[in-house]
Each structure stands twice: as C-alpha cells, then as structure tokens.
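The values are calculated or read from the model by the stated rules, or taken from the named source; none is laboratory data. These numbers come from a predicted model, not from an experiment. Cβ coordinates were reconstructed from backbone atoms using ideal geometry, including for glycine residues, and neighbour counts include every protein chain displayed.
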Amino acid sequence: MNNVYSRKLSIPFDQAIVRLTENLKRQGFGVITNISMKNVFKEKLNIDFRNYTILGACNPEFAYKAVSLESHVGTMLPCNLVVQQHENGEVEVSAMNPLEAIDKALATTFLSEIAVQVSARLRAALDDLHRHALEPAEVDAIPQHPLA
C-alpha cells in the first residue's frame, strides 16, 4: 500500500504498543480503541494468528476541527495504526497517511491543512519508536500551524 507509513522495529511486540501509545500521547493523541486481531480470530474463528493489534488514535482538537468542516470526515476517524509481528519475529508499526486517504472531492484548503498536521504528528510518533530511551526533552512535538 503506497498510502501507508511504516517502521520496522527490533523490540518486543508489547513494548512497541507501549512506546507507540506514549509517542502518540506526546503528539496530542489518545488511544481510544485497542483491537487484538489475534484474540478476535481465536475467539470468533478458533484460528491461531500472529500478534496483530489495531490502535484507534484520536486527537480531539483536530477531530473537532475536521468534523466541523466536513461532517462525513468522521468515516475516517479515529486514525488507525497497526502493530504487527511478522512470522520472522520482526515487529512493524504502520499508519495510513491521512493526506493521501482523504477524499479529494471533500478536501478543502482547511481540511487538507488539518490532514497535513495529523500526518506529520503520526509520522513523528512512528519515527521516534526506534529510540531506546524516550526522554521528554528528546521528543519534539510538531509546531502548531497558524490555522490550527
């Protein structure tokens, strides 16, 4: 998928989820859903599956602005991020690029600007995952745009 931004990590699966959640918080997002597809597949289909978790993240300020500008943009909320462990043991974290995912017919200048800011913050959260010690001073939040 061309519209996905990913980072491959050499840390345990559970640690990747913890770090991603912390990084998202630093970028103004809260995790509002946590879906273990491994558990869902086991419970509903009795199939053993690898570690695969979908986190739904929301930045309330951006969500409010976006929904206020275009009521149908809620179909894209929350922002989903995937943490998965491949068969070779490698952990990968991925997020959709909101700027690429937004319906071009709905993309007003202001809505596109919000998507740019959300994309930058999601990317920053993923980019900081490779750090071994996340110190608050090391993690720079993306500056607010004058329209925000």
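The lone criterion from (1) over 18 Å from the mean Cα position of the chain (by Cα); (2) within 23 Å of Ile32 (Cβ to Cβ); (3) surrounded by 12 or more Cβ atoms within 10 Å (Cβ to Cβ); (4) modelled with pLDDT of 85 or more left unmet by Asp103 is number (4). Selection of first residues in the range 36-49 that are more than 19 Å from Ile17 (Cα to Cα) and of second residues that are assigned to a loop (DSSP other than H, G, I, E, B), restricted to Cβ pairs under 6 Å at least 6 apart or on distinct chains, gives the following pairs, ordered by first then second residue: Phe41/Ile47; Phe41/Phe49. The condition of being within 21 Å of Ala120 (Cβ to Cβ), modelled with pLDDT of 95 or more and either touching a strand residue (DSSP E or B) at 6+ places or on another chain (Cβ under 9 Å) or surrounded by fewer than 15 Cβ atoms within 10 Å (Cβ to Cβ) (or both) holds for only one of Phe41, Phe29, Phe13, that being Phe29.
Glu70 meets each of the listed conditions (1) buried (at least 16 other Cβ atoms within 10 Å of the Cβ); (2) closer than 22 Å to Ala125 by Cα apart from (2).
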